[in-house]
Each structure stands twice: as structure tokens, then as C-alpha cells.
1. If you rank 126, 327, 8 by how much accessible surface each has, with a 1.4 Å probe, what is the order from largest down?
2. Just to confirm, what accessible area per residue do you get for the chain at 1.4 Å probe, in whole Å²?
3. Could you tell me how far the Cα centroid of the range 277-352 sits from the Cα centroid of the range 210-270, in Å?
4. If I histogram all Cα-Cα distances within the range 161-254 using bins 10 Å wide from 0, what percent of pairs lands in each bin?
5. Given a cut-off of 19 Å, what percent of all Cα-Cα pairs of the range 102-162 lie beyond it?
6. Report the extension gain between residue 264 and residue 94 in nm, rounded to one decimal, defined as 0.36 nm multiplied by the number of residues separating them, less their alpha carbon distance.
7. Rounded to the nearest 10 Å², what accessible area does residue 315 have for a 1.4 Å probe in the complete protein model?
8. Could you state the number of Å between the C-alpha centres of the range 1-80 and the range 139-180?
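The values are calculated or read from the model by the stated rules, or taken from the named source; none is laboratory data. Computed from a predicted model, the values in this text were never measured in an experiment. Please note: Cβ atoms are built from the backbone with ideal geometry, for glycine as well, and neighbour counts cover all protein chains shown. These accessible areas exclude ligands, DNA and RNA; they are computed on the full protein's heavy atoms, side chains included. Shrake-Rupley method; radii C 1.70, N 1.55, O 1.52, S 1.80 Å.
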Amino acid sequence: MSALAAAKLGYRCHVFAPEPDSPGMQVAAARTVAPYEDAAALAAFAAAVDVVTFEFENVPAATLDVLEPLVPCRPGVQALRIGQDRILEKRFAESAGLQVAPWREVATRADLDAAVAALGLPAVLKTTRLGYDGRGQAVLRAPEDLDAAWARLAPRPLVLEAFIPFERELSAIAARGADGALVTFAATENRHARHILDLSIAPAPVPEGIAAAARAHVARLAESLGLVGLLALEMFLLPDGRLLANEMAPRPHNSGHWTMDACLCGQFEMHVRAVAGLPLPDPGQHHDAVMKNLVGPDLFGRWAALAAQPGVALHLYGKAEAREGRKLGHATRLLPGGAVAAAANPALLAPG
Ligand code: AMP
């Protein structure tokens, strides 16, 4: 989707990925299929492009270490490293003045007992790296749950978080340019099904002050990082109105997919503009939006019906296989401004 946004601005994208049929390659002007560790392929790639960016954070940080001396990388390796590690994320958010759920680092079984004693139950045990969509985590409700969770998740580095009885989950996205210009998109409410993002509702139906705070938080993180590109921040909204930072990602984010259709300049174009050094305009949001993910294989089956619905923008990613739990597309219903705030249950506005 970044390559499509880049093409709209007259740029040609060169995609580097280990998989020969990645969706980006289907729409790119040039492609390199090579492992992320292939130094010769990386050097040739760096020589062929003006600037490097990435769309997901499982690119090894070592790959950017190789590229950074050769070609501008935006965002840089520091943002990638932080986004890959929950403990670095929490420390960084705290150092920037944001609140996070109480947490403890867990390296040994004894650490887990000590962390549970400190934070209480329920609590959530998570791998610090390569966890997404609820993979690599376990909710601990009773002392009996500890052994099974430890057996499943150890020996990887872990973190225990207090269980947060949040009222809603929100996210916000900031774009920052090399000149320090910064814009944010409307705060979004996210609802999950089976630990995978199901719906994003924009603007989030929350009081103005909370939405503004969500945007200010992600802007502060982008500034503290000196980031050039996009930063997404997922947050928990507590019943008392406080926002706790959960996860951050220095890239376009699934909870911002609605911006492609509901804004004049959506997140992918904003990403391309930031890394290419173009001006960053106000997003120009012209509709409210409710986005539904099409997760394989069940929800993907709805695509044909969605394609027939007026007022719904359909995106299918061209992934080769409709595997269980895989995001294969999304659909966004566009609504007049104010429709989300006026709805008793905005989830009912989802395409379906
Ligand atoms: P994460 O991978 O950290 O985004 O977690 C996936 C989902 O699990 C979140 O979107 C929440 O719905 C839930 N979750 C994660 N951490 C906590 C927590 N500390 N307390 C309550 N729910 C959580």
C-alpha cells in the first residue's frame, strides 16, 4: 500500500523481501528477493535506491545496521529496535513522560514468581519480541496458570504486565518529516476478536480531551525519537480517563487503514511524503469511518458481498494463502462527519 501511494506521487518503489510473492512486489517497479542477512544483496539494493523505509517491524535491526551507512533509512534503526522489543518500548514511553501498565522483566521462573507477587493477578505474560496479534502471550488469572504459561513462553525473554481493566483501546498515528513538521491522524478506537484487530472506528467516540491527549502522546514519542516517518501508538483508556501506552510501531498501522479512504492524505501517502521529504499536509479527513479486517479464512469469505456494497471501500492484499488468522484484506465504510459520535453503537456501522 506504501508502494501504491508512492506511485501516485510519481515515485518508483524497489521492494526487498525474502518472499518472492509478497504483496508489495506485485505493485513495485523493482524487486530483490533475498534474505535480510544477505549483505551483498543489501549493498546492491542500497546502491539502487534514494531512501529506504520499511512497512513491518520484523525486518531485523541488523539489516538496517548494514543499510544505514549506505543510504538514508527513514525511520532509522533506533526506532525499529525500540518497536521490536516490549521492554525497550516501555522504558522509552516512560522516559518520554507517558504512563504504561505496571510491568516487570521476567528472565527466570523465580522472576515470574516475584513479578506476580509484586503486580498481583490477573496479569499478562508476554514475550518481549516478535509477539503480535496476541501471539506470544498468556493471561494469568490464578497461581495455577503460571507453570503452563512459563512452559509455553519460556525460555524467551518475557515481561509481566498488570492486567488493565480498560474501558476502550485507542490508537493514534503521527507523521514526522525530516524538518520536524508533525501531523497526527484522528484518534481511533480499536476492537479485537480472538486477539486480532477486528474493527477500527474513527474518530474514536471519546471526549475531545481524551482524543487530543491520544494524539499528543504519539506526537511526543515521535518527537522524542526524532523519527522521520510514521509512528503508531496503541493505548488503553482507563475508566478514570487516563491513557496508558501499550505498543508502538514505527510504520503504517492496521488501525490507520481507514485513513486511505477517509482522508485526502492517508497514512501510506503520509509515510511516503515523510520519507521522501515532501510537505506533510493536514490529513484532510472528509468522512467518519469504520474499518473491518478480513481475516482468513472465515471473514475473507465476505469479500464478494462487500464488493457489492455502496459506501464501502474494499482492499484485498493479494496474499497467496488464506491461512487461519491471517489478515487478507479490509473494508471501510465511509460515513458523514459526526455519524460515529451520534451512533449508540458505532460497531453496528461496520461493513458486513
Ligand atoms: P498486544 O500484543 O500487547 O497489543 O496485546 C494484544 C491485546 O491483548 C491488546 O490489544 C489487549 O486487548 C490485550 N492486552 C494486552 N495487554 C494487556 C493488559 N496488560 N491488560 C489487559 N489486556 C491486555
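1. 8, 327, 126
2. Value returned for the chain: 43 Å² of accessible area per residue.
3. Here the answer is 18 Å between Cα centres.
4. In whole percents, the pair-distance histogram is 17, 50, 28, 4, 0.
5. 14
6. The span from residue 264 to residue 94 would gain 57.8 nm if fully extended.
7. Its heavy atoms expose roughly 40 Å² to the probe.
8. 29
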